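**Student:** Attaching a single structure in C-alpha cells format; questions to follow.
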Amino acid sequence: MAVRHFLTLNDLSPEELDQLMQRAIELKALHKARQPEPQFPNYVLGMVFEKASTRTRISFEAGMAHFGGHAMFLSPRDTQLGRGEPVEDSARVISSMCDIVMIRTFEHSIIERFAANSSVPVINALTDDFHPCQLLADIQTFIEHRGSIKGKQVAWIGDGNNMCQSYINAACQFDFTLKIACPEGHEPRADLLEQAGDRVEVLRDPAAAAKGSDLLVTDVWASMGQEDEKAERRRALAGYQINRALLDCANPDALYMHCLPAKRGEEISADLMDDPKSVIWDEAENRLHAQKALIEFLLTH
Ligand code: CP
Ligand code: NVA
C-alpha cells in the first residue's frame, strides 16, 4: 500500500477531510472529558523544524503524548540537515527510525523531496507555499461555531501567502467561496487561482471582500523568511487591516480568525484580539485536536 502524506489539503479527498473534521471534534470531546483516547504506544513522530514555532511544536508534541507515543524535536542547528546532508538521504534515515514525520521548512519542494524518499507518512507543518495543518484547525473551528462551511463565503484580507494559498485549496476541498483582498504584487500563485476557478476571486478593496462574508481571515504581512521585507510590506499592505470597520462590512454573524502569531496594529487592530467575534484562541487550541485526527488517519491508512 502506498504511503499517504499530507503535504497539501489536496492529499485527502473532500470526503476524507469531512470525516477528519468530525473525528477532530470527537477526539477533542474525549480529551476534554479525560476519556481513554486512541493509543499508538511507542510510535515516534520526528519533528523537523527549520523555522520557529510555538503552536505547531506544542500541538504535535502534546498530541503524541496523548496517544502514548513520543515526539522528537529535530532542529537543523544540531542535526546534519543543517550541515547540508541531502534531504533525500535524511528522509531515508529518519523514516527508517520514525513512524511518522512532520516538517516545517522553506521551499515547498524540500518537503516534496523528503516525502518522495520517506517510507512513512510526512506532514507539512508549514512551507513557504502552504500551511495545511492550520487549515484543519480553522475549518474545525468554523464548524464548531457555525456548522458546515460548505457554501459559505470567506474573505482573506492581506498578503497572498502560505495561509492564503492553503485557503484557496480549502475553498475547493471544503466547497466554499473565497474573496481575497490583497494589494498588487502580493497575490497568491496564479496557477492556484486558475485551478480554483470561479470560487476564488482576487479583489483590491478589503470592504468588497468582506461584504457578504461569513468568516474574515488574515495573517502577518511579513512571514518567516521575509524579515528583510518588513518595511516595504508595511507600506504595501497598510490598507489591509482587519478592524471593527471592516468586520462591520461582513455578515452580522461573521467570525474572525488569525493563525497567530499576530502583529497587533498591523494586520489586525489590537481591540479585535478579544472581540466576541474572534475565535482565534479556539483556532489555536484546535491545532491539537485536528492534528491528532490527522496523525490517527495517516497511521491507520
Ligand atoms: N500558527 C502557527 O503555525 O503557529 P506557530 O508558528 O507558533 O507554530
Ligand atoms: N504566514 C506565516 C504563518 C505563521 C504561522 C509565516 O509563514 O510565517
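**Student:** With 10 angstrom as the radius, rank S90, S148, S223, S13 by how many other C-beta atoms surround their C-beta, starting from the fewest.
**Tutor:** Ascending number of Cβ neighbours within 10 Å: S13, S148, S223, S90.
**Student:** On to the next question. Order the peptides 45-58, 165-178, 259-272 from the highest to the lowest mean number of other Cβ atoms within 10 Å of their residues.
**Tutor:** So the order, starting with the most tightly packed, is 165-178, 45-58, 259-272.
**Student:** Suppose the chain between E229 and E201 were pulled fully straight at 0.36 nm per residue; how much longer would it get relative to their current alpha carbon spacing?
**Tutor:** Gain in length upon complete extension: 7.5 nm.
**Student:** So, one more: Per-residue counts of other Cβ atoms within 10 Å, averaged by peptide: what ranking do you get for 291-299, 231-239, 18-26, highest first? Don't skip to the end; give the middle numbers.
**Tutor:** Values: 291-299: 22.7, 231-239: 14.1, 18-26: 18.0.
Descending mean neighbour count gives 291-299, 18-26, 231-239.
**Student:** Place a point 7 Å from the Cα of R92 along the Cα-to-Cβ direction; which residues of segment 113-155 have their backbone N under 16 Å from it?
**Tutor:** Backbone N within reach: 113-120.
**Student:** Taking 0.36 nm per intervening residue step and subtracting the Cα-Cα distance, what contour gain separates R4 from N243 on full extension?
**Tutor:** Length gained, R4 through N243: 82.0 nm.
**Student:** Please work out the C-alpha center-to-center distance from segment 1-73 to segment 238-291 and express it in whole Å.
**Tutor:** When both Cα centres are located, 24 Å separates them.
**Student:** How would segment 166-301 be classified by its alpha-carbon gyration tensor: rounded, prolate or oblate, with rounded meaning a/c under 1.5 and the a/b versus b/c comparison settling the rest? Each step should come with its number before you reach the end.
**Tutor:** Details: a/c = 1.34, a/b = 1.23, b/c = 1.08.
Rounded, since a/c falls under 1.5.
**Student:** With a Förster radius of 30 Å, plug the Cβ-Cβ distance of D271 and S109 into 1/(1 + (r/R0)^6) and report the FRET value to the nearest 0.05.
**Tutor:** The value I calculate is 0.15.
**Student:** Per residue of the chain, what 222 nm ellipticity follows from adding -39500 (n - 2.57) for every DSSP H run with n ≥ 4, rounded to the nearest 500?
**Tutor:** Calculated mean residue ellipticity at 222 nm is -12500 deg cm²/dmol.
**Student:** What shape does segment 164-203 have by the C-alpha gyration tensor, where a ≥ b ≥ c are the square roots of the eigenvalues, rounded means a/c under 1.5, and otherwise prolate means a/b greater than b/c and oblate the rest? Please list the in-between numbers first.
**Tutor:** Working: a/c = 1.88, a/b = 1.63, b/c = 1.15.
Prolate is the answer for segment 164-203, as a/c is 1.5 or above and a/b outweighs b/c.
**Student:** Might you report the magnitude of the Cβ-based charge dipole of segment 43-182 about its Cα centre, with Lys and Arg at +1 and Asp and Glu at -1, to the nearest 20 debye?
**Tutor:** For this selection, approximately 360 debye.
**Student:** Angle check, please: helix 280-300 long axis (alpha carbons) against the longest principal axis of the chain (alpha carbons), in degrees 0 to 90, nearest 10.
**Tutor:** In the chain, helix 280-300 runs at an angle near 40 degrees to the longest axis.
**Student:** For a label point 7 Å from the Cα of N251 along Cα→C-beta, name the residues of segment 158-196 whose backbone N is under 19 Å from it.
**Tutor:** Label zone hits: 167-168, 170-181.
**Student:** Show the residues, 5+ positions off or on another chain, whose built amide H is closer than 5 Å to the amide H of V154.
**Tutor:** T177, L178, K179, D214
**Student:** May I pose another question? Of the peptides 31-43, 130-142, how do they stack up when ordered by the mean number of other Cβ atoms within 10 Å, highest first?
**Tutor:** 130-142, 31-43
All of the numbers you see were taken from the coordinates with simple rules; none came from a lab. Fair warning: this is a prediction, and the values are worked out from it, not measured in the lab. Because the Cβ atoms are built from the backbone with ideal geometry, glycine has one as well, and the counts that use them run over all protein chains shown.
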